[in-house]
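Everything on this sheet refers to the single structure shown next.
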Amino acid sequence: MATEKEKPEITLTGANGNAFNIMGIAARALRKAGYTKEEIEKYREEAMSGNYDNLLQVTMRWCNVN
């Protein structure tokens with residue numbers, strides 16, 4: 001994570017394990033927390049750079065997951 005902004009809280013219960021849904025939840029939370037479009041794009045690039053486990057790990061680095 002390239003920024004020192006506060007990590008937003010997200011809940012993934014009910015996301016049905018869908019990778020695109022998880023990224024959408026995280027991106028909306030990041031936008032609401034004041035992250036720039038470039039920072040959100042960096043999150044997406046990191047999240048899509050590997051497998052499903054990578055997606056979850058990256059999401060947990062960028063957001064506080066409940």
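Would you confirm whether any residue within the stretch 28-37 is among the β-branched types (Val, Ile, Thr) and loosely packed, with under 13 Cβ neighbours inside 10 Å? Among the residues of the stretch 28-37, at least one is among the β-branched types (Val, Ile, Thr) and loosely packed, with under 13 Cβ neighbours inside 10 Å, which makes the answer yes.
For the stretch 1-38, a residue qualifies if it is free of Cβ contacts under 8 Å to residues at least 24 places away in the same chain, in contact with a helix residue (DSSP H, G or I) (Cβ under 7 Å, 6 or more places away or on another chain) and outside any loop (DSSP other than H, G, I, E, B), and the qualifying residues are ALA27, ARG31. Restricting the stretch 39-66 to residues that are part of a loop (DSSP other than H, G, I, E, B) and out of contact with any helix residue (DSSP H, G or I) (no Cβ under 9 Å at 6 or more places or on another chain), the residue that is farthest from MET23 (Cα to Cα) is ASN66. Considering VAL58, VAL65, which residue is surrounded by 13 or more Cβ atoms within 10 Å (Cβ to Cβ), modelled with pLDDT under 95 and touching a Ser or Thr at 6+ places or on another chain (Cβ under 9 Å)? Among VAL58, VAL65, only VAL65 is surrounded by 13 or more Cβ atoms within 10 Å (Cβ to Cβ), modelled with pLDDT under 95 and touching a Ser or Thr at 6+ places or on another chain (Cβ under 9 Å).
Residues of the stretch 3-21 that are closer than 14 Å to ASN64 by Cβ and surrounded by 15 or more Cβ atoms within 10 Å (Cβ to Cβ): LYS7, PRO8, ILE10, LEU12.
Filtered by the rule that a residue be touching a Leu at 6+ places or on another chain (Cβ under 7 Å) and of a type outside the set (Phe, Trp, Tyr), the stretch 40-62 gives ILE40, ALA47.
The values are calculated or read from the model by the stated rules, or taken from the named source; none is laboratory data. It should be emphasised that the depicted structure is a prediction, and the values quoted were computed from it without experimental measurement. Cβ atoms come from the backbone with ideal geometry, glycine included; neighbour counts cover every protein chain shown.
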